[in-house]
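One structure is given below, encoded as structure tokens.
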Amino acid sequence: MTDSNMGQLWPLFWEAAWETLYIVAITLTLGGLLGLLLGLGLYVTRSGGLYASRPVSVVLNVLVNFFRPIPFVIFIAAVQPFARVVVGTGIGNPAIIFALTLAAAFGISRIVEQNLVTVDPGVIEAARSVGASRARIVRTVVLPEALGPLVLGYTFAFVALVDMTAVAGVVGGGGLGNFALQYGFRQFDTVVTWTAVIAIVVLVQVVQLAGNTTARRILRR
């Protein structure tokens with residue numbers, strides 16, 4: 001095994017780590033909000049929902065089911081023309097954030113829907129029986145009741161987004177995944193590769209621990 005260049009690459013490593021953090025943070029914020037809205041739409045318009053509407057439910061389900069299964073590396077290429085229109089470029093971190101936000105929104109929408117359907121219908125009926133409006137039930141009953149599982153769901157989404165940033169190099173994006181590929185794998189430098197891998201594992205473990213702890217405290221209330 002050849003000598004590692006890691007000693008010279010620490011500045012690039014920290015830059016890549018920062019890029020991973022802000023890409024995932026921005027994506028989880030924007031994609032998480034869009035996914036929450038989509039998930040709420042799927043939940044409330046389903047049969048027996050607070051705003052039950054078969055046409056709207058069908059359209060939302062078709063939309064989510066169409067985009068969600070697309071492999072991310074293909075999804076990036078597919079949305080490049082839209083990225084140029086929205087963010088002004090089809091390459092670099094703005095393009096990867098745009099693609100990740102859309103992919104996250106469709107993925108998170110199902111996580112949100114699946115967690116909301118676990119809310120006890122009896123609690124909703126009790127709120128309706130005292131005259132609470134449908135919007136108020138969603139805001140003060142459904143979301144708070146599902147908050148613990150939602151925290152775990154968004155924690156899972158964070159881990160998935162970190163994984164997806166590994167293909168950022170396809171459109172010239174940065175991050176630890178691209179750093180490992182460019183300076184580790186392609187240069188046959190296992191030290192560089194494993195340094196990036198360990199950094200990603202530590203990041204994921206810290207966020208997973210924080211998510212588990214937060215969800216546990218919420219569920220104990």
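The values are calculated or read from the model by the stated rules, or taken from the named source; none is laboratory data. Treat the numbers as computed from the prediction; the structure is a model and nothing was measured. Glycine also receives a Cβ, built like all others from the backbone with ideal geometry; neighbour counts cover every protein chain displayed. What goes into the accessible areas is simple: the full protein's heavy atoms, side chains included, and nothing from ligands, DNA or RNA. Shrake-Rupley method; radii C 1.70, N 1.55, O 1.52, S 1.80 Å.
The residues on offer are Ile70, Ile76, and the sole one that is of a type in the set (A, V, I, L, M) and assigned to a helix (DSSP H, G or I) is Ile76.
If you go through region 118-128 one residue at a time, do you hit one that is of a type in the set (Val, Ile, Thr), surrounded by 15 or more Cβ atoms within 10 Å (Cβ to Cβ) and outside any helix (DSSP H, G or I)? Checking region 118-128: at least one residue is of a type in the set (Val, Ile, Thr), surrounded by 15 or more Cβ atoms within 10 Å (Cβ to Cβ) and outside any helix (DSSP H, G or I).
Restricting attention to region 80-113, the residues that are touching a helix residue (DSSP H, G or I) at 6+ places or on another chain (Cβ under 9 Å), surrounded by fewer than 22 Cβ atoms within 10 Å (Cβ to Cβ) and free of Cβ contacts under 8 Å to residues at least 24 places away in the same chain total 7. Residue check: Gly148 meets all listed conditions (1) over 18 Å from Ala16 (Cα atoms); (2) crowded, with 18+ Cβ neighbours inside 10 Å; (3) without any contact (Cβ under 8 Å) to a residue 24 or more places away in the chain but one, namely (3). The residues on offer are Val191, Val202, and the sole one that is open to solvent by 50 Å² or more (accessible area, probe 1.4 Å), among the β-branched types (Val, Ile, Thr) and free of Cβ contacts under 8 Å to residues at least 12 places away in the same chain is Val202. Identify the residue in region 1-60 that is under 30 Å from Thr190 (Cβ atoms) and in a loop (DSSP other than H, G, I, E, B) and, among all such residues, is least open to solvent (accessible area, probe 1.4 Å). Applying the filter and picking the extreme gives Ser4. Within the set Gly177, Gly153, Gly107, Gly173, the sole residue that is farther than 22 Å from Gly35 by Cα, under 21 Å from the mean Cα position of the chain (by Cα) and in a helix (DSSP H, G or I) turns out to be Gly177.
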